[in-house]
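S.K.: I have a structure I would like to understand better, so I am pasting it below and will then ask my questions one at a time.
The values are calculated or read from the model by the stated rules, or taken from the named source; none is laboratory data. A quick note: this is a predicted structure, and the numbers were derived from the prediction, not measured. Here the Cβ positions follow ideal geometry from the backbone for every residue, glycine too, while neighbour counts run over all protein chains shown. We work out accessible area using only protein heavy atoms, side chains counted, and drop any ligands, DNA or RNA first. Shrake-Rupley method; radii C 1.70, N 1.55, O 1.52, S 1.80 Å.
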Number of protein chains: 2
Amino acid sequence: MRCRKCPQKAAIHMPHHHLPLCREHYLEWFIEQTDRCMHKYGMLTHQERILVAVSGGKDSLSLWDVLWRLDYPADGLFIGLGVDEGTGYSARSLELTRRFAEERGLRLRVVDFPQVYGKTIPELAHHTRRGQVRPCSVCGIGKRHIFNQAALEGGYDILATGHNLDDEAAVLFSNLLNWDIDQLDRQSPVLLSRDGLVGKIKPFCRFYERETAAYALLRGIEYIEDECPFAVGNHTNTNKVLLNQLEAQQPGAKLNFYLGFLQVKKGGWLAAAQQKQAHADLHPCPTCGQPTTNPGDCAFCRLIGN
Amino acid sequence: MRCRKCPQKAAIHMPHHHLPLCREHYLEWFIEQTDRCMHKYGMLTHQERILVAVSGGKDSLSLWDVLWRLDYPADGLFIGLGVDEGTGYSARSLELTRRFAEERGLRLRVVDFPQVYGKTIPELAHHTRRGQVRPCSVCGIGKRHIFNQAALEGGYDILATGHNLDDEAAVLFSNLLNWDIDQLDRQSPVLLSRDGLVGKIKPFCRFYERETAAYALLRGIEYIEDECPFAVGNHTNTNKVLLNQLEAQQPGAKLNFYLGFLQVKKGGWLAAAQQKQAHADLHPCPTCGQPTTNPGDCAFCRLIGN
């Protein structure tokens with residue numbers, strides 16, 4: 001398959017966009033799409049001081065790279081969680097993140113959790129009931145706390161995270177399964193800062209995970225490929241497996257699901273529909289006499305009349 | 001495993017209810033639960049004339065059986081769709097339905113689609129663009145039309161259908177994937193009659209499919225086990241496969257998903273949450289000074305303090 005924009009061989013094909021692109025045009029497209037997404041949701045104005053939450057994974061390093069190329073002045077914050085489990089997970093993640101920042105002359109802040117709080121995240125999880133059942137939940141509380149604190153203390157206006165579409169769709173799915181209204185209401189590409197909570201943005205929320213992975217690979221970013229050993233089999237990941245099956249059957253399903261949600265939320269949820277419903281005008285079909293909302297014949301008579 | 005209510009061996013175990021039951025107590029439980037569901041959603045008052053939409057499958061025949069045992073006067077309506085495809089699907093379905101009605105002395109009405117409209121449903125689907133892509137959609141339009149017409153002409157107050165929890169959860173999932181607001185607003189265990197549309201009820205909406213199948217089996221109802229050959233691989237069925245995987249990982253997930261939806265809708269969707277959000281009071285955590293909605297220490301300090 002050829003690139004849509006030049007005679008080169010395509011390096012990646014995005015079936016939901018009907019768009020095969022070569023390496024060079026893909027990197028260009030990806031940066032342009034990030035910029036568009038940030039404009040659409042009013043994320044940044046080039047005035048803010050930005051802190052990027054970096055883990056050493058493909059999403060956060062790609063995000064830092066793209067912000068840098070778009071001339072958004074962003075520092076990085078890495079939290080050493082103390083996850084080892086024989087794989088040196090945290091140490092290797094920090095090493096890759098440091099190298100990335102050095103290559104680009106970017107400023108990296110590091111908070112070492114065990115050094116500051118006297119225990120690693122796995123130790124903390126092990127000693128609490130919540131953490132024994134859901135270690136990722138304990139880690140999330142810790143990270144949110146430290147990111148906000150570091151952003152406030154460092155005088156940053158905004159915290160940027162590398163959450164991609166697969167992350168957002170899985171969280172949305174989970175929030176809908178539980179009908180967690182508070183979480184549904186908070187799930188957004190942009191959260192404004194208020195009362196000591198630094199604002200948050202997710203510039204990659206419209207990219208599939210394979211698109212951020214392709215960006216990192218084609219850009220030559222070295223990132224940690226392994227998943228955190230504690231995340232294996234958690235609810236978010238099992239939901240991702242389900243949504244991937246759905247996507248395989250209905251390409252674009254995840255994107256529609258997430259964007260449809262943002263659209264509906266923006267429109268004040270179902271307020272519009274309920275108003276419409278109240279006025280929905282039923283009248284007898286001129287052919288069969290049964291009630292219909294169609295201006296002419298009802299759906300059945302149109303079907304039979306074919 | 002023993003029955004929860006007697007020393008008999010359990011015939012079925014429902015893990016989400018922690019309830020193993022023998023044949024006799026299961027049949028009793030199932031009827032009682034149907035009655036409760038009908039009361040909860042205000043479906044019937046013993047005054048209405050009911051028409052049950054029967055297909056010859058486990059759900060609709062079990063529903064007709066349970067309504068009969070609960071002394072709700074219900075006639076049945078079977079639509080001959082003309083589905084054959086070498087399996088004699090429609091003919092076998094009618095035969096089983098007739099036998100069921102005769103055994104109980106119930107009145108069965110039959111509308112033969114090809115006789116009335118000159119072509120079978122598969123033929124109609126084959127001749128329309130909509131039907132070529134989604135034959136089930138054409139069949140749905142046809143059935144809704146005929147059920148409503150027959151109910152009106154026969155002087156029935158209400159149409160009862162055998163939709164189970166698996167059906168409702170799959171439709172809900174699909175409506176959420178597409179954020180089909182009109183459909184979400186209409187999806188309900190009870191639809192009141194209005195302007196020539198006969199009211200509809202779904203007394204089995206809280207039963208898992210395996211529960212209705214168990215009822216039919218333990219009651220000795222002979223039903224058509226095959227699925228309609230045209231339904232294989234349709235979106236509803238692929239969604240059911242995904243939700244079954246979810247249920248296997250998180251028993252009760254489907255029930256929570258559906259009941260949570262009804263609850264949220266009843267509460268005027270997100271209106272309550274949005275109001276609450278507006279007043280959500282952030283104040284500094286007395287220990288770390290970061291903003292929290294908790295009355296005392298923030299989630300992080302409580303975690304660390306453990």
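S.K.: Exactly one of these conditions fails for B:Gly142: (1) open to solvent by 20 Å² or more (accessible area, probe 1.4 Å); (2) modelled with pLDDT under 95; (3) not polar (S, T, N, Q). Give me its number.
M.R.: (1)
S.K.: Another one. Looking at (1) in contact (Cβ under 8 Å) with a residue 12 or more places away in the chain; (2) within 26 Å of B:Ile221 (Cα to Cα); (3) in contact with a strand residue (DSSP E or B) (Cβ under 9 Å, 6 or more places away or on another chain), which is the one condition that is false for B:Arg104?
M.R.: With (1) in contact (Cβ under 8 Å) with a residue 12 or more places away in the chain; (2) within 26 Å of B:Ile221 (Cα to Cα); (3) in contact with a strand residue (DSSP E or B) (Cβ under 9 Å, 6 or more places away or on another chain) applied to B:Arg104, the lone miss is (3).
S.K.: Take the residues in the stretch B:223-251 that are within 9 Å of chain A (Cβ to nearest Cβ) and in contact with a helix residue (DSSP H, G or I) (Cβ under 7 Å, 6 or more places away or on another chain); name whichever of them is modelled with the lowest pLDDT.
M.R.: Out of the qualifying residues, it is B:His235.
S.K.: Within the set of pairs 6+ apart or on separate chains, which have a first residue in the stretch B:72-87 that is among the hydroxyl-bearing types (Ser, Thr, Tyr), a second that is open to solvent by less than 30 Å² (accessible area, probe 1.4 Å) and modelled with pLDDT under 95, and C-beta atoms under 9 Å apart?
M.R.: Every condition considered, the pairs that remain are B:Tyr72/B:Leu44.
S.K.: Quick one: which of B:Leu159, B:Leu124, B:Leu176 is at pLDDT 95 or above, buried (at least 20 other Cβ atoms within 10 Å of the Cβ) and part of a helix (DSSP H, G or I)?
M.R.: B:Leu176
S.K.: Right, another one. Across the stretch A:186-200, which residue is farthest from the other protein chains (Cβ to nearest Cβ) among those that are over 16 Å from the mean Cα position of the chain (by Cα) and open to solvent by less than 70 Å² (accessible area, probe 1.4 Å)?
M.R.: A:Val198
S.K.: Determine which single condition B:Lys254 fails, assuming it passes every other condition in (1) at the interface with chain A (Cβ under 10 Å from one of its Cβ atoms); (2) modelled with pLDDT of 95 or more; (3) open to solvent by 50 Å² or more (accessible area, probe 1.4 Å).
M.R.: (3)
S.K.: Can you name the condition, by its number, that B:Glu28 falls short on among (1) touching a Gly at 6+ places or on another chain (Cβ under 7 Å); (2) open to solvent by 30 Å² or more (accessible area, probe 1.4 Å)?
M.R.: Condition (1) is where B:Glu28 drops out.
S.K.: Can you name every residue in the stretch A:127-177 that is among the charged types (D, E, K, R), within 16 Å of A:Tyr117 (Cβ to Cβ) and in contact (Cβ under 8 Å) with a residue 40 or more places away in the chain?
M.R.: Matches in the stretch A:127-177: A:Lys143 only.
S.K.: Looking at A:Cys205, A:Cys288, A:Cys301 in this structure, which one is open to solvent by less than 30 Å² (accessible area, probe 1.4 Å), among the hydrophobic types (A, V, I, L, M, F, W, C) and at pLDDT below 95?
M.R.: Within the list A:Cys205, A:Cys288, A:Cys301, the selection yields A:Cys301.
S.K.: A follow-up question, please. Could you list, in sequence order, the residues of the stretch A:32-46 that are open to solvent by 30 Å² or more (accessible area, probe 1.4 Å) and touching a helix residue (DSSP H, G or I) at 6+ places or on another chain (Cβ under 9 Å)?
M.R.: Passing the criteria: A:Gln33, A:Asp35, A:Tyr41.
S.K.: Ok, one more. So in the stretch B:208-222, with the set limited to residues that are outside any helix (DSSP H, G or I) and open to solvent by 30 Å² or more (accessible area, probe 1.4 Å), which one is nearest to the other protein chains (Cβ to nearest Cβ)?
M.R.: B:Glu222
S.K.: A follow-up question, please. Give all pairs with beta carbons closer than 7 Å in which a residue from the stretch A:228-250 that is among the basic types (Lys, Arg) meets a residue that is modelled with pLDDT of 90 or more; count only pairs at least 6 apart in sequence or on separate chains.
M.R.: Filtered contacts from the stretch A:228-250: A:Lys240/A:Asp166; A:Lys240/A:Ala170.
S.K.: Given the residues B:Arg129, B:Arg134, B:Arg92, B:Arg98, which is the only one that is facing another protein chain (nearest Cβ under 10 Å) and open to solvent by 70 Å² or more (accessible area, probe 1.4 Å)?
M.R.: B:Arg129
S.K.: Does B:Gln274 fit the bill of being facing chain A (nearest Cβ under 7 Å), open to solvent by 40 Å² or more (accessible area, probe 1.4 Å), closer than 19 Å to A:Leu176 by Cα and modelled with pLDDT of 90 or more?
M.R.: So B:Gln274 fails the test.
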